[in-house]
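First the structure, in the form of structure tokens, and then the observations on it.
The values are calculated or read from the model by the stated rules, or taken from the named source; none is laboratory data. These figures come from a predicted structure and were not determined experimentally. Here the Cβ positions follow ideal geometry from the backbone for every residue, glycine too, while neighbour counts run over all protein chains shown.
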Amino acid sequence: MFPPARVLAAPDKFRGTLTAPAAAAAIAAGVRLASAEMIGKAAVAGSDAVPVGPCHEVPLADGGEGTLDALGGANRTTTVTGPLGQPASAPWRIDGRRAVIEMALASGLELAGGAQGNDPMAATTRGTGELILAAIRAGARDILVGVGGSATTDGGAGALEVLAPEGSPSVVSADVTIAVCADVRTLFLDAATVFGPQKGASREQVGVLTARLERLRGAYRDRFGIDVQTAVGSGAAGGLAGGLVALGARIVGGFDAVAEAVGLDDAVAEADLVVTGEGRFDAASLHGKVVGGVIQRARARRLPVLVVCGAADPAVAVPNGVEIVPLVDRFGRDAAISRTAHCVSDAVRDWLIARY
């Protein structure tokens, strides 16, 4: 009799409906439902059918929104300057000498009221700088900054007003390392063109913001001796990534950084099959995102993969050994949105029963 098949639940968030930990829990619930049904059928038939289980839950993120949840959730909250100057209560995490910060929770577009409520010219990363400062003062020496979902195109100027005020040395000392998690390759001077319209900037404002980034590039080069334009990904979060690079930060692939932190490679090595998921599966999913990264690791070990998603682009070629289950197609749009966790569990249960 073979041992039960070990399942790895390694999803991203389902934006707007499930956090990554909640999605992982829903997958695990589906595994338990399938296992119980298989055990019941085996008992009735008197057979040696083997159920699946256990399920190892490893929620993931690509370094943007949801990174804090994937890495254990918040255990600190600091009141900081929001993107438009209003106070914002920003959660973050510290564990020993390591801190995890999500800039969207301090300087994010949602805090500014979305693109319509945002002032793209005034939006500041000052609050993110205040979170980094709070982490340093709390003893953190290894700081991970997720930079997706920003309201800002200030090139990190607001953050640097806090971390390295004019006429004062940087508070980011030599024993502090900052890793900026980015899933884009946009350069510093392209940040306004690429991201500005998403944040409410008009064509004219994009031009003004680009000129401001050009001035900041020169200022950072003169003051810190670093040309931030040469750093791939320096335009992430409206140039915040580049501003932090000026202080000695390094830009890292967001998914890879999170995967390393949670031990994804070891989890995949111990699994017999993998279930991942996200809100929408499309071409971008396979390039630097959670689902693509999980598929790549699982297929390297020839493991079957199930991708449960809210919706899927039918034009995207699905890799061999991977099956896609879009919840909207399977359960209808209303159920997929209002009962996402139940739909995920049912989809996983049905897939496992059909497979085993």
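Looking at this structure, is T193 in a loop (DSSP other than H, G, I, E, B) and either within 20 Å of G254 (Cα to Cα) or within 24 Å of the chain's Cα centre (by Cα) (or both)?
When the stated conditions are applied, T193 does not pass them.
Please identify the pairs in which a residue from the range 13-40 that is polar (S, T, N, Q) has its Cβ atom under 7 Å from the Cβ atom of a residue that is surrounded by fewer than 18 Cβ atoms within 10 Å (Cβ to Cβ) and at pLDDT 95 or above, counting only partners at least 6 apart or on another chain.
Note: pairs meeting the criteria are T17/I337.
Can you find even one residue in the range 288-298 that is more than 22 Å from A28 (Cα to Cα) and surrounded by fewer than 18 Cβ atoms within 10 Å (Cβ to Cβ)?
no
I'd like to verify a number: residues in the range 182-195 that are crowded, with 24+ Cβ neighbours inside 10 Å and in contact (Cβ under 8 Å) with a residue 60 or more places away in the chain, how many?
Going through the range 182-195 one residue at a time, the tally reaches 1.
Condition first: of a type outside the set (A, V, I, L, M), within 18 Å of the chain's Cα centre (by Cα) and not in a helix (DSSP H, G or I). Now tell me which residues in the range 102-127 satisfy that.
Within the range 102-127, E102, G108, E110 meet the criteria.
Within the range 157-190, track down each residue that is under 20 Å from the mean Cα position of the chain (by Cα), under 19 Å from D227 (Cβ atoms) and not aliphatic (A, V, I, L, M).
R185, T186
What residue, of G129, G149, G64, is modelled with pLDDT under 95, touching a helix residue (DSSP H, G or I) at 6+ places or on another chain (Cβ under 8 Å) and crowded, with 21+ Cβ neighbours inside 10 Å?
G64
Just one of (1) crowded, with 16+ Cβ neighbours inside 10 Å; (2) closer than 22 Å to R6 by Cβ; (3) of a type outside the set (S, T, Y) trips up E260, so point out which.
(1)
Rundown of residues vs (1) assigned by TED's automatic domain parsing to the domain that holds A25; (2) surrounded by 16 or more Cβ atoms within 10 Å (Cβ to Cβ); (3) part of a helix (DSSP H, G or I), yes/no style:
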residue	(1), (2), (3)
A317	yes, no, no
I324	yes, yes, no
I337	yes, yes, yes
C343	yes, yes, yes
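Of the residues R212, R203, which single one is more than 24 Å from the chain's Cα centre (by Cα), surrounded by 15 or more Cβ atoms within 10 Å (Cβ to Cβ) and over 24 Å from F255 (Cα atoms)?
R212
Inspect all residues belonging to the range 65-87 and state whether any of them is among the charged types (D, E, K, R) and not in a helix (DSSP H, G or I).
For the range 65-87, residues among the charged types (D, E, K, R) and not in a helix (DSSP H, G or I): present.
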